[in-house]
Amino acid sequence: MPITFSRRSIALLLLTLAANIAQGADTIRIGDFSSGSLQDWETQAFKGQTRYRLVQQDGAKVLQADSAASASGLFRKQRIDLTKTPFLNWRWRIENRLGQLNEQSKPGDDYAARVYVVIDGGLAFWRKKALNYVWASTSPKGKIWPNAYAGENVMMIALRSSGDDTAVWYHEKRNILDDLRQQFGEAIDHIDAVAIMTDTDNAGGRATAYYGDIFFSAK
């Protein structure tokens, strides 16, 4: 028996498709961990290997990071037009704190969790910049400082700190376009990569963290 559609049904279908397309244009998924995918994510090791794997946590699939005196991260190269989708969204949790670290010094440059965005300088490597959103151990929430190794080209922003509970999910949303302007004093309208890292190499500690889906949105 042939299936027929009324004009009204066709109109509703077209409106639904248009809404879905518009929603997709307003959201760019970077880390689709809940679907069980690590596609397009690459590893970058600095010292040893932090173990990253997809696991079930609180009824959803998320990315688990285990670090034991190690520092390696996962990064995904993707150019994002911040004039269209300026907001970076994600959720994360840590299972333990790293203790008393001077995070403004090289021996204390360890973080149970961090999510960061990178602007590639191309051949002019000295123009490479990054913003690191970190779960600090001792630096107060809201503190901002230059990275101990990279200086003012890499700025650290403490979104979470010792006052935030362990084993609890926190949702974050940052206007990257505004943050880049505030930290570097220039209108940077794109980023070239997003990275995740749980690192404990400098002080030789251990940390376990979890990362949920990561995406950019228009609002």
1 or more residues among the small types (G, A, S), touching a Phe, Trp or Tyr at 6+ places or on another chain (Cβ under 6 Å) and closer than 21 Å to W41 by Cα: qualifying strands (runs of 3 or more DSSP E) within region 55-135: 60-68, 71-81, 111-119, 129-135
Exclusive hit being among the hydrophobic types (A, V, I, L, M, F, W, C), buried (at least 21 other Cβ atoms within 10 Å of the Cβ) and under 15 Å from M155 (Cα atoms), set I214, I176: I176
Every residue from region 23-61 that is charged (D, E, K, R), closer than 23 Å to V168 by Cα and out of contact with any Asp or Glu (no Cβ under 8 Å at 6 or more places or on another chain): R53, D58, K61
Count of region 142-156 residues which are among the aliphatic types (A, V, I, L, M) and over 19 Å from A207 (Cβ atoms): 4
Cross-chain or 6+ apart pairs with Cβ under 8 Å, region 164-187 first and without any contact (Cβ under 8 Å) to a residue 24 or more places away in the chain, then of a type in the set (A, V, I, L, M, F, W, C) and part of a loop (DSSP other than H, G, I, E, B): R181/A187; R181/I188
Region 171-219, residues that are among the basic types (K, R), over 17 Å from N132 (Cβ atoms) and in contact with a strand residue (DSSP E or B) (Cβ under 6 Å, 6 or more places away or on another chain): R206
Residue among D58, D32 that alone is at pLDDT below 90 and under 21 Å from the mean Cα position of the chain (by Cα): D58
Residue match in region 89-96 (condition: crowded, with 16+ Cβ neighbours inside 10 Å, under 15 Å from G205 (Cβ atoms) and touching an Asp or Glu at 6+ places or on another chain (Cβ under 8 Å)): no
Residue match in region 113-134 (condition: of a type in the set (S, T, N, Q) and in contact (Cβ under 8 Å) with a residue 40 or more places away in the chain): no
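The values are calculated or read from the model by the stated rules, or taken from the named source; none is laboratory data. Quantities reported herein were computed from a predicted structural model and do not represent experimental measurements. Here the Cβ is made from the backbone with ideal geometry for all residues, glycine too, and neighbour counts use every protein chain on show.
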